[in-house]
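Quick notes on the structure that follows.
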């Protein structure tokens, strides 16, 4: 807890009272607790090709830089383990246990928490432990090196197998929680709209399984991140995640996606689907909705995941196999970069992404510190005198300071007229009226 001075306590009291009275019409109000916006997906290597997980000087320097720039949580994907038992381990154990432990320890040395990919549904169809009783119906996916069944949350046999192994992995390596790509076998029963949002109905079994995992993670003081496919959230009455990752496999980057979901939403636009766009527009589209993008970084991808012997590859023309082919071809021509860092990247990633992400995070973090109060998508308030059209997004974040962000998602300049002077946190200008260019976000402090 941050203990304030007498003056700051009084300022906070004044701020929260003024905001509560002055913000008359808004979409959501949230009290912020245990929020870590600085999150990264960190690539370790091109599984199923063999590589060392042991940290290198490159990892040391990058993790040090990330910690200095506000990174609090990294997630690693199925290159940490051995999902298809190609390298002598399995879904729940690392093929390089000593290297994995050293990597976890290095993250902790820099004060960064680390969570691994462990799906509550996906399991290799070729795994010797697989049983028909794990599934109800043939719900599976094939791409590149894997053929994964979607195991059923209503299977007692699957739960008996999954849960002890999941938490044995967490405890063995000292992970700080779990990233769960849920692999729900029921997703195809429900319609998905043009925004990539699946309209689930309530199902007791999936809520119960997610709740069991969430409870065990929280018992350990850990972090639980969930991905429920595309831009979707599970239909649950209970809390089943700390963070919800959205954006995979979706072409659009519509502003406000996920604003109705339980916090905290972590957007990661799928760049190979999305195509070219103004990167500043990304931040303008998510920050007013109390969302901050997932950074894609780590070790460069080489595309060598498709070069292994003794693997029957699904040689798709649009999926992960084709993506790895493109990375291989790109790296042959560009061995010194710029590089690609994730399955959700453009080829290559924007070389300025890390610096831009760090700049916006530095602006965002003070707004969302512990016990701040947010007013999302304000339509009527004392502070703003000008009209607020639907494509102008205004939000306030209140603590011992009063912050306001205004995104202009229209096609023309917007003039924000204020009741009193506010300071532009980037330019330092303090004035009554601020002009905001299309596709940009203005950061103000009162």
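Read-outs throughout are calculated quantities, based only on the coordinates presented, and are distinct from any laboratory measurement. Nothing here was measured: the structure is a model prediction, and the numbers come from that model. Every residue, glycine as well, gets a Cβ built from its backbone with ideal geometry; the counts of neighbours run over all protein chains shown.
Annotations
- Label zone at residue 31, where the point sits 7 Å out along the Cα-to-Cβ direction: region 364-396 residues whose backbone N lies under 18 Å: 368-376
- Helix 6-22 and the longest principal axis of the Cα set of the chain meet at an angle near 90°.
- Of all DSSP bridge pairs formed entirely within region 26-129, close to 10 percent run antiparallel.
- For the pair residue 13 and residue 190, label points projected 7 Å from Cα toward Cβ lie 4.6 nm apart.
- R0 of 41 Å, Cβ-Cβ distance residue 171-residue 311: FRET efficiency to nearest 0.05: 0.85
- If R0 is 45 Å, the Cβ-Cβ spacing of residue 390 and residue 350 corresponds to a FRET efficiency of close to 0.95.
- Structure-derived semi-axes √(5λ) of the Cα gyration tensor in Å - corresponding label in [x] 30, 25, 23; [y] 39, 24, 22; [z] 65, 29, 17: [y]
- In this simple spin-label approximation, residue 154 and residue 380 carry label points 7 Å from Cα along the Cα→Cβ vector, and these lie 4.7 nm apart.
- Of interest is the spacing of the C-alpha centroids, which for region 341-415 and region 1-57 amounts to 13 Å.
- Here the gap between residue 108 and residue 274, fully extended at 0.36 nm per residue and compared with their Cα-Cα distance, gives a gain of 56.4 nm.
- Ordering of 300-306, 189-195 by packing is 300-306, 189-195, highest average first (other Cβ atoms within 10 Å, averaged per residue).
- Ordering of 199-211, 219-231 by packing [mean C-beta count within 10 Å, highest first]: 219-231, 199-211
- Nearest 10 degrees, 0 to 90: helix 57-68 Cα axis against the chain principal axis: 30 degrees
- Degrees between helix 353-364 axis and first principal axis of the chain (Cα, 0 to 90, nearest 10): 50 degrees
- Of the peptides 385-392, 58-65, 69-76, 290-297, the ranking by mean beta-carbon count within 10 Å, highest at the top, reads 290-297, 69-76, 58-65, 385-392.
- Cα-based radius of gyration for region 297-361, normalised by 2.2 N^0.38 Å, reads 1.26.
- Computed lengthening from residue 4 to residue 419, 0.36 nm per intervening residue step minus Cα-Cα distance: 146.6 nm
- Model label zone, residue 199; criterion: amide N under 20 Å from point 7 Å along Cα-to-beta-carbon; scope region 227-247: 228-237, 247
- Fewest neighbouring Cβ atoms within 10 Å first, the residues 120, 232 line up as 120, 232.
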